[in-house]
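Down below is the structure, laid out as structure tokens.
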Amino acid sequence: MSSDALAPRGAAAPAGAGGSHKYLSFTLRGEVYAMAIEQVKEIIEFGQITTVPMMPAYMRGVINLRGAVVPVVDLSRRFGGEASVVGRRTCVVILELSQPDASRQVIGVIVDAVNAVLDIAPDAIEPPPSFGTSVRPDFVRGMGKVKDRFVVILDVQRTLSLDELNALRELPSAAEGSLAA
């Protein structure tokens, strides 16, 4: 993961980083968002998700990804909206996120559609606004200018908070029985 991916929200790239950085753009509820490509492990077709009792509403459940239990978050619900409506382009973006103890957490997020990988130069990223987006301001890393419009760049570590990620680490033991059935 690049050091820029860990930079404070709205911060420019570190000296010497140069060039643009890659972001995966996707659509959710008619809006275009992006996330650092370094965090994206793979993109899979939306499929069977096993629900896990007593989880927050934005936790859609878990999937079996080549034998591993992976929690899946419905970003639409996480942003305070209705549950995602599954369409033909709906997919799950599999992310690998760093934990404070240097371990890695694999998690999936449901998006309406994946669009493209964008190259956005650090000087084309504005600090997040304190108002005017459809998501909490602390979830936004910045606003990337792409051609004649802005793309909301998410701070995935904040969107999927560390406390919540640590709680999700308990899912494999709780969900393994449900996936085996």
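Things worth noting here:
- Our estimate of slack between Val86 and Asn64, defined as 0.36 nm per intervening residue step minus the Cα-Cα distance, is 6.1 nm.
- Computed from the C-beta positions of Ile37 and Asp148 and an R0 of 22 Å, the FRET efficiency is 0.45 to the nearest 0.05.
- For segment 110-122, putting each phi into the Karplus relation 6.51 cos²θ - 1.76 cosθ + 1.60 with θ = phi - 60° gives couplings of 7, 10, 5, 6, 8, 9, 6, 9, 9, 9, 10, 5, x Hz, in residue order, rounded to whole numbers and with x for Gly and Pro.
- Between Leu65 and Val70, the built amide H atoms are under 5 Å apart, and every one of these is 5 or more places off in sequence or on another chain.
- Ranked by the mean number of other Cβ atoms within 10 Å of their residues, highest first, the peptides 119-129, 149-159 come out as 149-159, 119-129.
- Sites Asp119 and Thr51 - FRET efficiency at Förster radius 35 Å, r taken between beta-carbons, to 0.05: 0.40
- Spin-label pair Ser98-Ile44: with each label point 7 Å from Cα along the Cα-Cβ axis, the two points sit 2.5 nm from one another.
- Peptides 88-100, 46-58, ordered by how many other C-beta atoms sit within 10 Å of their residues on average, highest first, read 88-100, 46-58.
- Here the Karplus relation 6.51 cos²θ - 1.76 cosθ + 1.60, evaluated at θ = phi - 60°, turns the backbone of segment 57-69 into coupling constants of 4, 6, 7, 6, x, 9, 10, 9, 10, 6, x, 9, 7 Hz, with x for every Gly and Pro.
Throughout, read-outs are computed from the coordinates displayed, never taken from laboratory work. The structure displayed is predicted, hence computed values, not measured ones. Cβ atoms come from the backbone with ideal geometry, glycine included; neighbour counts cover every protein chain shown.
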